[in-house]
Amino acid sequence: MCIEAVLCHTGWKAVFRAVRCVRFGCGRASRRRFGASLVSSAARCSVGDGERRACIGKRGRRERGGAVFGILVVAYLFLGGTGAGSVAIASFVDLVWVREPFGVRAHATLDEARSSERVVAFGLLAGFAAVAFGALCLVFDLGRPDRLDTLLTDASPSLIAVGAYAVALLVACAMFLVIARFSYLPAVPRAAVVAVEATAVVLGVVVMLYTGLLLQSAVGVALWRSPLVPMLFTLSSVSCGFAVLLACVRFAGPLDAGSSGLARRFVRVDLVVVALEAMCAALFVGCALASGHPARAASAESLMVGAHAALWWVGFAGCGLVAPFMLEAASVRMRADLARAALSIAVVFVLVGGFCLRASIVGAGGHRTLELEEMSGAFALRLE
């Protein structure tokens with residue numbers, strides 16, 4: 001909580017009350033009541049991570065209410081993770097299996113490329129678009145985009161600054177790889193593309209982890225303060241990345257040995273990822289329910305039977321885990337045409353489930369009444 005959040009609703013009189021309370025002394029009950037009112041007033045001002053909303057709006061109006069993170073942050077968590085997964089997987093696939101030629105041996109047009117090369121090209125394009133649009137969502141969510149310069153030029157390293165640099169560098173790498181594939185650039189050697197692809201793999205993993213670490217580092221939300229949040233978001237991002245590449249197989253033209261082989265590899269690996277994601281989600285909810293922290297348990301109950309149960313059970317568990325696992329497992333034994341139809345449906349389910357996962361966890365963690373009560377008690381003890 002920043003001081004702007006407190007002054008937004010309490011004003012300078014509250015500050016003078018605090019100074020008088022500490023300087024001249026007052027009763028313990030009065031100090032506790034003041035601490036509770038101060039923290040609850042700060043909570044009503046919707047200032048999120050990185051001071052998401054200023055207390056004074058663009059026209060001088062005060063903005064009150066709202067969740068900790070809005071829909072723009074949820075969109076960033078989904079698009080950033082999905083795009084990073086797509087770019088990292090496509091780059092890894094080209095490094096290990098496809099090995100598209102560049103330089104003087106580069107294809108003049110994408111139509112001359114093999115189907116597996118087109119899958120990689122479309123995957124990089126989709127990943128670049130997702131990460132770039134997700135970054136824009138995060139910038140607009142700041143409320144004041146001019147703060148981005150301050151964030152990037154801050155001398156003291158922070159998680160948000162490292163994540164911002166990783167996102168920016170990943171966008172730059174993905175843009176280079178897209179241009180190198182959709183344009184005829186004989187001056188660009190294969191070695192340069194390999195170096196950028198290796199960098200993109202590392203940056204993609206960092207961005208996927210960052211989407212979960214961004215929530216885990218948020219102060220005052222017990223549900224998010226778990227190492228399982230970055231793990232769960234990373235596994236979901238990898239699964240969504242495979243879904244994007246499976247969709248690219250669909251649009252890369254007629255199936256041949258190269259593209260069908262890639263699709264089979266994608267399905268087998270994604271089955272393992274979905275199984276790990278389900279186990280991680282079960283462990284995450286189980287630990288939250290079993291914890292002695294009242295706010296964390298209340299948020300977990302919101303996921304299980306409360307306001308966010310539909311997003312969690314239908315959107316994430318049903319669409320994001322059960323349906324894709326069954327469709328992908330069945331596609332292994334289907335004919336080619338039926339397998340393509342089943343995988344197309346699975347792609348949609350995976351992406352819907354990835355968005356619902358982030359929306360449900362962000363929404364369930366945004367209700368912090370119990371934890372704010374604990375914070376008010378701690379604040380009152382400090383005044384004592």
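No lab work stands behind these numbers, since they all come straight from the coordinates. Computed from a prediction, not measured in an experiment: that's the story for all the values here. We place every Cβ from the backbone using ideal geometry, glycine too, and count neighbours over all the protein chains shown.
Per-structure values
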{"quantity": "Label-point separation in nm, Ala257 to Ala290, each point 7 Å along Cα→Cβ", "calculated": "5.1"}
{"quantity": "Residues Arg264, Arg358, Arg181, sorted so that the one with the fewest Cβ neighbours within 10 Å comes first", "calculated": "Arg264, Arg181, Arg358"}
{"quantity": "Difference of contour (0.36 nm per residue) and Cα-Cα distance, Met279 to Arg335", "calculated": "17.1 nm"}
{"quantity": "Modelled label reach - Asp111, point 7 Å along Cα→Cβ, the range 240-277 residues with backbone N closer than 18 Å", "calculated": "251-255"}
{"quantity": "Cα→Cβ-extended label distance, 7 Å offset, between Arg268 and Ser183, nm", "calculated": "3.8"}
{"quantity": "Extension gain, Ala129 back to Val314 (0.36 nm per residue minus Cα-Cα distance, nm)", "calculated": "63.8 nm"}
{"quantity": "FRET efficiency, Val322 to Phe92 (Cβ-Cβ, R0 35 Å, nearest 0.05)", "calculated": "0.80"}
{"quantity": "For peptides 171-178, 185-192, sequence by mean Cβ density within 10 Å, most packed first", "calculated": "171-178, 185-192"}
{"quantity": "Computed over the range 71-367: relative contact order in percent, which uses C-alpha pairs under 8 Å that are six or more apart", "calculated": "24"}
{"quantity": "Dipole of the range 71-367 [Lys/Arg +1, Asp/Glu -1 at C-beta], most positive-end residue of Val314, Thr82, Cys356", "calculated": "Val314"}
{"quantity": "Spin-label pair Val162/Ala195, simplified geometry with 7 Å Cα→Cβ offset, distance in nm", "calculated": "2.5"}
